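**Student:** This is the structure I want to talk about, given as structure tokens.
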Amino acid sequence: MILLTVLFLCIFSTNSASVKGHTTGPRINNDKLYKFTYSTEVLIDRVKGLPEDSAGYRISSGVDVNLVWRNPNNDDDQLIKIMIKDVKIENVNERPAAKNIFKGKHSENIIGKEYLSALQRPIVLQWTRGKVKNFYSYKNEPAVVQNLKRGLASLFQIQLHSGAAREVDVSGKCNVTYHARESQVTKIKALGTCEIEKTGFTSHNELLDVSTKVTSATIYVLEDSFIKSVRAEENHVLSLNFRQTTNAKIVSKQKLELKSTEAGPGVIAGKQVASVIKTLDPNYIALPLVAEPVKTECKNCPSISEHWQAIRKQLEPENLSKAEATRSFLSFIQNLREATKEEILQILRSERNAVLPQLVDAVTSAQTPASLEAMLEFLDFKNGSSSVLQERFLYACGFASHPNELLLKSLINRLQGQIGNSEIRETVTIIVGALIKKLCDKGGCKLPAVVRAKKLILGGLDRAKKEDDVKMYLLAMKNALLPEGIPLLLKYAESGEGPISNIAVTALQRYGISFITSEVKETMNRIYHQNYKIYEKTLRTTAAAIIFSSNPSYMEVKNLLLSIGELPLEMNKYMLSLVQDILHFEMPASKMIRKVLKDMVVHNYDRFSKTGSSSAYSGYVTRGPDASSTYSLDILYSGSGILRSSNMNIFLFNKNAHLHASQVVIEAQGLEAIIAASADEGEENLESFAGMSAILFDVQLRPVTFFQGYGDLMSKMISATGDSMNVVKGLILLTDYSQVIQLQSGLKASAEFQGGLAIDISGGMEFSLWYRESKTSVKNRGALVVAGNIVVDSFFVKAGMETSFETEATLNFISTVQFSEYPFLVCMQMDNIESPFRQYVTKYESLPSGKRYTSRKGKVRLLAGSEYPLHQENSNMCRKVFSTQSDSSDSWF
């Protein structure tokens, strides 16, 4: 209500530049005692919650104010004494006795004798022209009490003329704007500008982070040169960026009203403030008006080992797809952040193998110096047999929500030391690249560890001789996305062989459009059009995708379209499908494509009627006001009908940020000899190979190999069980937001939002010579939990709200190919199964005695399963495939 009033007042404030009759500051009369009533209250709720349903409390009291001293040379320089008395703690909203935790409780029972005594000891302000020049109080009082006094003292920070100022109060040093009119002054404080010691952290990716909106307004009414009343209100709104209905609101109000004036003590004579203060009470000391930090201790909280024993069953491997596992993971991280290195090591060393990987996920995700030291001491990188735990640690480092220089430095030191497993060395290098990117995104590109890491990767790539080393550094570059690394990527893209060129080009594909210079586009054009040498289809199609996504020129698009019809059969079909997808999905290049298609030489039936089974298709997973999600499926086959490349992507985005949530690429090559078929141009000498590569939440993971070489292929086919191979499995901390909010009443609010994901991505490739059929599958299973916790804790009373939602989901992608005839039959399926969605809101108020009021509400619903639509041609093909399978199952053998 105050904020609406403020808007009205601001409109008319230009009519008067100062309070009527005042050109300096407010003054307090000699020998008078001003008796005020004072209250400060805090309310916590959801943004659209009703005030009567909010959690919170009110601290009310009487306040006596009198003049102690006036500067004989300056009437506007005054010392005023302020004393709080008759303190009461109560509900903001009326509640039945059974729900009122303050019922029958005296203030001394709630606050405690020591705190109440300290709160009622007077403070003294040096008040000069309405500005609090000095704040005098007693040493060693509890910080929460001193801050409450600072909150009251800050209400006396005022100026009587309109204008902007930089002002210090309990909130810090802030920009304020005053609007003076008649006997009223309105102060607008820009809370976002306040300089105060801040603790906490935010999530790396804006899409996964929390946004805040803050407002603060104070209205003063003056009478006879002094304050008659003050009303202040501030609002803090916190919303999860990708789901803004998960939110919280903190409302803090202060009210000071003059009730009466009576005869009071006389003033102290003197010329110097210091001597007057000493005369008044030698125990007074000058303290900053800015709030001091308050240390909180968790009372009756379980120890770290007790907590682990309570949740370890939920983190067994078979339970990882359940929301309970993610919830336990998040709660344990909170406890780990308070634990010592020794406590963490004790749990790590006492745990057995089954849940140890999940424990490693949690300890690493805590991201404290103690947890990092414990992990580095626990893991023996010289031992090549414990690679599972080492890899889980490294991936958790790569997914770190707020990595720091210490983490990167630790991994560099490990990389330059002895590592017993070559795959772990590769993973360390790849994750170092991911940390470079995250630290650079936060402005840390010039940190010594980042500079050292960049030299290590760029120098390593430049000097690498072995193919495996080149691939390792290229994968690190694919994560780091260093602008200075683009020339090296272009070199390997154009002159490298097979997998090396492929990694280099896919790394370039991840750069923002501003980095795709004319030099990059010229190289991509040479690769696609094979100006100097023959390239694999997978490389050429990726080069085409880069050109299309980088503001292509008219001639670039025209040349790409003219090539259709001159390419290998399946590449013809893929390129045609890619163009149609760009037009269908209205991608940026669609305008230029439509312009080129007006040329009938380009747009003719022969060119656009090519047959085949390869395809490219994009669609929406979800579309919402806060965030949307898209998927894309690219399938490229060889001319003999064997899968060459399968690429599935999921992107999340809103108007300010985007996130490459996942990419699973299955690649196969050199398999034509198995079915006595001919390889496509440029692929005649490729070694038999199949493998999987994944990107998860913008982090490229170490690729997985299904088989390599003809002998390994035969061995795997003979012993094949049809089981999928795990690509990544574990617990990931996605959203990690923690801030302490200083309220202008002197109270502090803590706001924490955490989002975790238990994930299991697996993929497989089955191949049957007997049935002349191949099948690739990718299965994504996950359980997502996001929880927000807002607390205002004054030590003697606590109010808070917990808001959360959770879901368990499975997304499947299956591609079936029957190559008994040409054109071969291909069916792609992408679906998610029915999944639960649960959301809860809990509000509470509690006293240290254990008395508590709790309100809990929840909603549970089922999200219907669905099969995501692909192009109509795919639907027709799937009918034929399933019809053929049905016929063969009923036939005699």
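**Student:** Looking at the range 42-63 only, could you name the residues that are of a type in the set (D, E, K, R) and without any contact (Cβ under 8 Å) to a residue 60 or more places away in the chain?
**Tutor:** Within the range 42-63, 48, 52, 58 meet the criteria.
**Student:** Another question, then. Given the conditions (1) surrounded by fewer than 22 Cβ atoms within 10 Å (Cβ to Cβ); (2) farther than 21 Å from residue 812 by Cβ, which single one is not true for residue 669?
**Tutor:** Of (1) surrounded by fewer than 22 Cβ atoms within 10 Å (Cβ to Cβ); (2) farther than 21 Å from residue 812 by Cβ, only one is false for residue 669: (1).
**Student:** While we're looking at this one, here's another question. Looking only at residues that are without any contact (Cβ under 8 Å) to a residue 60 or more places away in the chain and small (Gly, Ala, Ser) in the range 811-848, which one is surrounded by the fewest Cβ atoms within 10 Å (Cβ to Cβ)?
**Tutor:** Checking each candidate, the answer is 820.
**Student:** Within the range 309-324, take every residue that is among the charged types (D, E, K, R) and part of a helix (DSSP H, G or I) and give me the one that is nearest to residue 780 (Cα to Cα).
**Tutor:** 318
**Student:** Looking only at the range 639-660, filter to residues that are assigned to a strand (DSSP E or B) and buried (at least 22 other Cβ atoms within 10 Å of the Cβ); which one of those is modelled with the lowest pLDDT?
**Tutor:** 643
**Student:** If I ask for residues that are of a type in the set (A, V, I, L, M), surrounded by 15 or more Cβ atoms within 10 Å (Cβ to Cβ) and farther than 21 Å from residue 152 by Cβ, which ones from the range 63-119 would you list?
**Tutor:** Once the filter is applied, which keeps residues that are of a type in the set (A, V, I, L, M), surrounded by 15 or more Cβ atoms within 10 Å (Cβ to Cβ) and farther than 21 Å from residue 152 by Cβ, the range 63-119 yields only 101.
**Student:** Does residue 116 count as farther than 24 Å from residue 228 by Cβ and part of a strand (DSSP E or B)?
**Tutor:** no
**Student:** Could you grab me the full set of residues in the range 788-799 that are open to solvent by less than 40 Å² (accessible area, probe 1.4 Å) and under 22 Å from the mean Cα position of the chain (by Cα)? Outline the logic, then answer.
**Tutor:** Pass one, the range 788-799, residues open to solvent by less than 40 Å² (accessible area, probe 1.4 Å): 788, 790-792, 794, 796-797, 799.
Matches in the range 788-799: 788, 790, 791.
**Student:** Regarding the range 300-308, can at least one residue be identified that is of a type in the set (Phe, Trp, Tyr), open to solvent by less than 20 Å² (accessible area, probe 1.4 Å) and in a helix (DSSP H, G or I)?
**Tutor:** Yes, because at least one residue in the range 300-308 is of a type in the set (Phe, Trp, Tyr), open to solvent by less than 20 Å² (accessible area, probe 1.4 Å) and in a helix (DSSP H, G or I).
**Student:** Name the residues in the range 213-242 that are under 30 Å from residue 651 (Cβ atoms) and touching a residue at least 40 places away in the same chain (Cβ under 8 Å), would you?
**Tutor:** Matches in the range 213-242: 237, 238, 239, 240, 241, 242.
**Student:** Among the residues of the range 150-186, write down those that are within 30 Å of residue 118 (Cα to Cα), within 35 Å of the chain's Cα centre (by Cα) and not in a loop (DSSP other than H, G, I, E, B).
**Tutor:** Answer for the range 150-186, where residues must be within 30 Å of residue 118 (Cα to Cα), within 35 Å of the chain's Cα centre (by Cα) and not in a loop (DSSP other than H, G, I, E, B): 150, 151, 154, 167, 168, 169, 172, 173, 174.
**Student:** Can you name every residue in the range 358-375 that is in a helix (DSSP H, G or I) and out of contact with any Phe, Trp or Tyr (no Cβ under 9 Å at 6 or more places or on another chain)?
**Tutor:** Result: 369, 370, 371, 372, 373, 374.
**Student:** Can you name the number of the only condition in (1) at pLDDT below 95; (2) in contact with a Ser or Thr (Cβ under 9 Å, 6 or more places away or on another chain) that residue 183 fails?
**Tutor:** Single failed check for residue 183: (2).
**Student:** Could you tell me whether any residue of the range 604-622 is in a helix (DSSP H, G or I) and touching a Leu at 6+ places or on another chain (Cβ under 8 Å)?
**Tutor:** Yes, that holds for at least one residue.
Results for (1) open to solvent by 30 Å² or more (accessible area, probe 1.4 Å); (2) in contact with a Pro (Cβ under 9 Å, 6 or more places away or on another chain); (3) not aliphatic (A, V, I, L, M), shown as yes or no for each residue.
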{"position": "379", "(1), (2), (3)": "no, no, no"}
{"position": "387", "(1), (2), (3)": "yes, no, yes"}
{"position": "390", "(1), (2), (3)": "no, no, yes"}
{"position": "399", "(1), (2), (3)": "no, no, yes"}
{"position": "403", "(1), (2), (3)": "no, no, yes"}
{"position": "411", "(1), (2), (3)": "no, no, no"}
{"position": "415", "(1), (2), (3)": "no, no, no"}
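Rundown of residues vs (1) at pLDDT 95 or above; (2) in contact with a His (Cβ under 8 Å, 6 or more places away or on another chain), yes/no style:
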position: 99; (1), (2): no, no
position: 108; (1), (2): no, no
position: 113; (1), (2): no, no
position: 139; (1), (2): no, no
position: 147; (1), (2): yes, no
position: 162; (1), (2): no, yes
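**Student:** Given 352, 327, which one is open to solvent by 20 Å² or more (accessible area, probe 1.4 Å) and in a helix (DSSP H, G or I)?
**Tutor:** Residue meeting the stated conditions: 327.
**Student:** Whether any residue in the range 78-94 is part of a loop (DSSP other than H, G, I, E, B) and without any contact (Cβ under 8 Å) to a residue 12 or more places away in the chain is what I want to check. Before you say what the answer is, go through the steps one by one.
**Tutor:** To start, the set of residues in the range 78-94 that are part of a loop (DSSP other than H, G, I, E, B) comprises 91-94.
Among the residues that remain, those that are also without any contact (Cβ under 8 Å) to a residue 12 or more places away in the chain are: 94.
Yes, the conditions are met somewhere in the range 78-94.
**Student:** Please go through (1) at positive phi; (2) at pLDDT below 85 for residue 777 and return the number of the only condition it doesn't satisfy.
**Tutor:** (1)
**Student:** Also, quick follow-up: Quick one: count up the residues across the range 189-218 that are surrounded by fewer than 19 Cβ atoms within 10 Å (Cβ to Cβ), in a strand (DSSP E or B) and at negative phi.
**Tutor:** 10
**Student:** Here is a further query. With the structure loaded, tell me whether residue 275 is polar (S, T, N, Q), out of contact with any His (no Cβ under 8 Å at 6 or more places or on another chain), at pLDDT 95 or above and within 24 Å of residue 28 (Cα to Cα) or whether it fails that test.
**Tutor:** Against the criterion (polar (S, T, N, Q), out of contact with any His (no Cβ under 8 Å at 6 or more places or on another chain), at pLDDT 95 or above and within 24 Å of residue 28 (Cα to Cα)), residue 275 does not qualify.
**Student:** Here's another thing I want to ask about it. Give the number of residues within the range 587-613 that are surrounded by 18 or more Cβ atoms within 10 Å (Cβ to Cβ) and free of Cβ contacts under 8 Å to residues at least 60 places away in the same chain.
**Tutor:** 6
**Student:** On the given criteria, is residue 271 within 27 Å of the chain's Cα centre (by Cα), within 30 Å of residue 161 (Cα to Cα) and open to solvent by 70 Å² or more (accessible area, probe 1.4 Å)? Quick ask: steps written out before the conclusion?
**Tutor:** Numbers: within 27 Å of the chain's Cα centre (by Cα): no; within 30 Å of residue 161 (Cα to Cα): yes; open to solvent by 70 Å² or more (accessible area, probe 1.4 Å): yes.
The answer is no for residue 271.
Results for (1) within 18 Å of residue 308 (Cβ to Cβ); (2) in contact with a Ser or Thr (Cβ under 6 Å, 6 or more places away or on another chain); (3) of a type outside the set (Asp, Glu), shown as yes or no for each residue.
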position: 351; (1), (2), (3): yes, no, no
position: 355; (1), (2), (3): yes, no, yes
position: 361; (1), (2), (3): yes, no, no
position: 381; (1), (2), (3): no, no, yes
position: 388; (1), (2), (3): no, no, yes
position: 413; (1), (2), (3): no, no, yes
position: 417; (1), (2), (3): no, no, yes
position: 423; (1), (2), (3): no, no, no
position: 428; (1), (2), (3): no, no, yes
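**Student:** Restricting attention to the range 569-586, report how many residues are more than 35 Å from the chain's Cα centre (by Cα) and open to solvent by 40 Å² or more (accessible area, probe 1.4 Å).
**Tutor:** Looking only at that region, the number is 1.
**Student:** Checking the conditions here, which among 35, 105 is in a strand (DSSP E or B) and out of contact with any Leu (no Cβ under 6 Å at 6 or more places or on another chain)?
**Tutor:** 35
The values are calculated or read from the model by the stated rules, or taken from the named source; none is laboratory data. Quantities reported herein were computed from a predicted structural model and do not represent experimental measurements. No Cβ is skipped: glycine too gets one built from the backbone with ideal geometry, and neighbour counts run over all protein chains shown. In case anyone asks, the SASA skips ligands and DNA or RNA and just uses the protein heavy atoms, side chains included. Shrake-Rupley method; radii C 1.70, N 1.55, O 1.52, S 1.80 Å.
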